Structures are given as C-alpha cells and as structure tokens.
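Nothing in this text is a laboratory measurement; each read-out follows from the coordinates by a stated rule. Here the structure is a predicted model, which is why all the values come from computation and not from measurement. Positions of Cβ are backbone-derived with ideal geometry, glycine not excepted, and every protein chain shown enters the neighbour counts.
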Amino acid sequence: MAIIIDGNATAKALKNEVKAEVELLMTKGAKRPPHLAAILVGEDGASKAYVGSKVKDCELVGYKSTLIKFEDSVSESELLKAIQELNEDEGIDGFIVQLPLPKHIDQENIIQSIHPDKDVDGFHPMNFGKMALEMDAFHPATPAGIMELLERYSINTVGKMAVVIGRSRIVGRPMSILLGSKGNPGDATVILAHSKTKELEKYTRQADIIITALGNPGFLKADMISEGAVIIDVGITRVDDTSKKGYHLAGDVDFPSCAPIASYITPVPGGVGPMTRAMLLKNTLKAYKNNY
Ligand code: NAP
C-alpha cells in the first residue's frame with residue numbers, strides 16, 4: 001500500500017514556517033509585514049471561495065491583505081487601471097488576479113500587465129521564461145507545491161522517468177519544466193502528455209512518477225501504472241452525488257485501484273490543493289524580501 005502524501009499537514013507546516021519568519025522579521029524591526037492584494041471579478045462561487053481562503057491564509061501568517069472587487073461588467077481598461085495602481089503601490093509586495101475572467105476581457109492582456117516583480121502567481125511570460133531558463137523567478141503555485149511535496153517526502157526524482165498528463169499554462173507545462181530542471185526534485189526525464197498523445201498507457205506504465213492534471217475523474221487506473229510508481233493527482237472535479245452537499249470532489253486518479261500498487265500517492269481532496277494556497281504565501285514572502 002502506498003504512503004499517502006498529506007498535503008494538509010505539509011501545507012500547515014509550511015504556513016507555520018512562513019508565520020515564524022514574518023514574526024522574526026517584525027521583531028527585528030521590519031516596518032510592515034508582507035502585503036498581498038487580490039483582484040476578484042464577478043460573483044462566481046468557486047472564485048469567491050478561492051480568494052476568500054487566500055485572504056484567510058494571509059491573516060493566519062500575519063500578512064496584510066487587500067481584496068479589490070469588481071462587477072462582472074467591469075471593462076478591461078478599468079481592470080488595467082487597477083493593475084497599474086497595484087504595480088506602482090510600494091506598499092503592495094505582490095498581487096493576483098483571480099482567474100477565470102469574464103469572456104469580454106482578454107486574460108492574456110491582464111496577465112501581461114502585472115509587473116513581473118509582483119506576479120506572485122508566476123503566470124507572467126517573464127517569470128515563465130525565467131523558470132524555463134532556470135533563473136530566479138516566481139513559479140506557479142501548483143507545480144511549485146508539488147515540488148515542495150516531493151522534497152519534503154524525500155522522493156528522489158533524479159534520473160527517473162516522469163509523465164505529466166495535461167499541458168496547461170498553470171499546471172502541466174510548468175510542472176514538466178520544473179521536473180526536468182536541474183536539482184532534486186528535478187533532473188527527471190519528462191514526457192508531457194496531452195489529449196493528442198497516442199497510447200498514453202505505454203508511457204505511464206514505464207513511468208516512475210505520474211502527475212495527472214487533466215480534470216477527468218478516475219482517469220488513471222491501476223492497469224496504466226507500474227508497481228512502486230509515485231502518483232500525484234492535481235485534478236479537482238465536482239461530481240454530483242446524492243449527499244447533502246450534492247457533490248463531491250474527485251481527482252484524476254482512480255485512488256482505490258492505484259493506491260495498493262503505488263509507492264506514494266496524493267489524495268483528493270487533501271493532497272495538492274492545500275499546497276497551492278501555501279505556495280502563494282511563500283511567493284509573497286519572496287516578493288516582500290525583494291521589495292522591502
Ligand atoms: P486544463 O487547462 O483544463 O487542461 C487540461 C489538459 O489536459 C489539457 O492539456 C488537455 O490536452 C489534457 N487532456 C484532456 N484530456 C486528456 C486525455 N484524455 N489524455 C491526455 N491529456 C488530456 O487543465 P488545468 O487548468 O491544468 O486543470 C487540470 C485539473 O487540475 C482540473 O481538474 C483542475 O480543477 C485541477 N487543478 C487543481 C489545482 C490544485 O491546486 N489542486 C490547481 C489547478 C488546477 P490538450 O492541451 O490537448 O487539450
């Protein structure tokens with residue numbers, strides 16, 4: 001039976017470390033704590049919940065946070081103006097624009113208008129490019145959180161074969177870059193799979209590490225993996241059920257069939273998800289140290 005990677009406990013430990021560091025900085029005479037701002041557009045329930053928990057995380061570790069809300073009907077130029085103000089505000093170390101944005105707004109334009117030094121989500125092409133070149137940069141929170149889990153569970157990735165399923169800008173593609181970068185975790189030989197990949201199971205059966213980030217509940221089954229594989233499940237899909245809540249969250253991995261074969265596995269929920277939030281705090285601390 002695989003060791004279950006506890007994302008909740010690891011994220012809690014990480015947040016406590018961040019909190020302790022902020023307390024130390026303040027006792028040493030820092031004039032202010034780190035300050036994270038978030039822009040939220042519209043009334044989407046999931047986006048509101050995500051931003052709400054990010055603000056709560058800030059309180060927990062002693063950061064200042066600012067939430068800027070806009071109606072769904074906000075124009076792109078109004079948003080760009082707010083971003084410009086945050087870019088110029090010396091009291092703000094980093095900020096995020098909660099995605100997705102309404103269809104009438106060009107998401108790419110918005111991401112590119114964020115100053116790379118304040119881009120704590122690590123989505124700006126400057127940070128992405130620097131990450132790809134193994135230069136100092138903000139890394140997107142989800143793949144960075146997975147690297148942190150691999151490190152804290154002492155999972156050796158050097159020389160291993162890794163298959164990343166899904167090539168999104170925020171998860172799969174940066175994940176493939178980080179796993180293939182020099183270091184440990186890193187130094188893996190990486191296959192980046194997507195919907196056009198043929199005979200995916202040919203690769204996954206050879207893989208030492210499999211990262212699923214496609215958003216297809218129960219996609220990865222026992223007959224697609226080999227004995228001892230490390231399985232990291234990024235997927236989070238709401239699946240309707242007859243429970244009181246009316247739904248449950250499902251990962252991309254068929255956990256009951258894969259867990260007995262794998263060496264390590266992340267659950268959903270409680271695996272990668274909590275680490276994503278924690279890594280945003282870590283990136284904000286980095287921005288603060290650069291800015292302060
Ligand atoms: P996305 O933008 O929806 O992209 C999905 C990717 O999966 C695409 O690259 C797609 O290929 C690929 N794909 C789809 N079906 C496939 C198949 N049958 N075989 C192989 N590849 C396939 O993905 P995302 O935003 O990265 O999200 C993926 C999942 O992770 C979602 O469930 C999301 O909710 C979750 N997520 C979790 C966290 C967290 O913190 N835990 C963070 C972000 C996302 P093409 O490129 O060819 O279309």
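Here are Pro174, Pro185: which of them is touching a Pro at 6+ places or on another chain (Cβ under 6 Å) and either surrounded by 15 or more Cβ atoms within 10 Å (Cβ to Cβ) or of a type in the set (A, V, I, L, M) (or both)? Talk me through it step by step, then tell me what you get.
Values: Pro185 fails: touching a Pro at 6+ places or on another chain (Cβ under 6 Å).
Step by step, each of Pro174, Pro185 is checked, and only Pro174 is touching a Pro at 6+ places or on another chain (Cβ under 6 Å) and either surrounded by 15 or more Cβ atoms within 10 Å (Cβ to Cβ) or of a type in the set (A, V, I, L, M) (or both).
Yes or no, residue by residue, for (1) touching a Ser or Thr at 6+ places or on another chain (Cβ under 6 Å); (2) part of a helix (DSSP H, G or I); (3) within 17 Å of Gly91 (Cβ to Cβ):
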site: Ala11; (1), (2), (3): no, yes, no
site: Lys15; (1), (2), (3): no, yes, no
site: Met26; (1), (2), (3): no, yes, yes
site: Ala30; (1), (2), (3): no, no, yes
site: Ala38; (1), (2), (3): no, no, yes
site: Lys48; (1), (2), (3): no, yes, no
site: Lys54; (1), (2), (3): no, yes, no
site: Thr66; (1), (2), (3): no, no, yes
site: Glu78; (1), (2), (3): no, yes, no
For the range 1-33: of the residues being touching a residue at least 12 places away in the same chain (Cβ under 8 Å) and among the β-branched types (Val, Ile, Thr), which is surrounded by the fewest Cβ atoms within 10 Å (Cβ to Cβ)? Ile3
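I'm checking my understanding of the structure. Among residues of the range 253-280 that are under 16 Å from the mean Cα position of the chain (by Cα) and not in a helix (DSSP H, G or I), which one is nearest to Asn216 (Cα to Cα)? Give the derivation first.
The first filter runs over the range 253-280 and keeps only residues under 16 Å from the mean Cα position of the chain (by Cα), leaving 266-280.
Filter once more, keeping what is not in a helix (DSSP H, G or I): 266-271.
Values: Thr266: 16, Pro267: 15, Val268: 13, Pro269: 15, Gly270: 18, Gly271: 17 Å.
Selected residue: Val268.
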Residue under question is Asp223, and the condition is that it be away from the ligand (no atom under 15 Å from the Cβ), charged (D, E, K, R) and part of a helix (DSSP H, G or I); does it hold? yes
Please find, within the range 220-246, the residue that is nearest to Arg167 (Cα to Cα) out of those that are touching a Phe, Trp or Tyr at 6+ places or on another chain (Cβ under 8 Å) and surrounded by fewer than 12 Cβ atoms within 10 Å (Cβ to Cβ). Val239
Over the range 141-160, the set of residues outside any loop (DSSP other than H, G, I, E, B) and either in contact (Cβ under 8 Å) with a residue 60 or more places away in the chain or surrounded by 18 or more Cβ atoms within 10 Å (Cβ to Cβ) (or both) is Ala141, Thr142, Pro143, Ala144, Gly145, Ile146, Met147, Glu148, Leu149, Leu150, Arg152
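Of Gly235, Gly228, Gly186, which residue is part of a loop (DSSP other than H, G, I, E, B), within 16 Å of the ligand (Cβ to nearest atom) and either of a type outside the set (Ser, Thr, Tyr) or in contact with a Leu (Cβ under 8 Å, 6 or more places away or on another chain) (or both)?
On the way: Gly228 fails: within 16 Å of the ligand (Cβ to nearest atom); Gly186 fails: within 16 Å of the ligand (Cβ to nearest atom).
From the options Gly235, Gly228, Gly186, the qualifying one is Gly235.
Of everything in the range 113-140, what is part of a loop (DSSP other than H, G, I, E, B) and either in contact (Cβ under 8 Å) with a residue 12 or more places away in the chain or touching a His at 6+ places or on another chain (Cβ under 8 Å) (or both)? Give them in sequence order.
Applying the first criterion (part of a loop (DSSP other than H, G, I, E, B)) to the range 113-140 yields 114-115, 120-124, 133-140.
Those that are part of a loop (DSSP other than H, G, I, E, B) and either in contact (Cβ under 8 Å) with a residue 12 or more places away in the chain or touching a His at 6+ places or on another chain (Cβ under 8 Å) (or both): Ile114, His115, Val120, Asp121, Gly122, Phe123, His124, Glu134, Ala137, Phe138, His139, Pro140.
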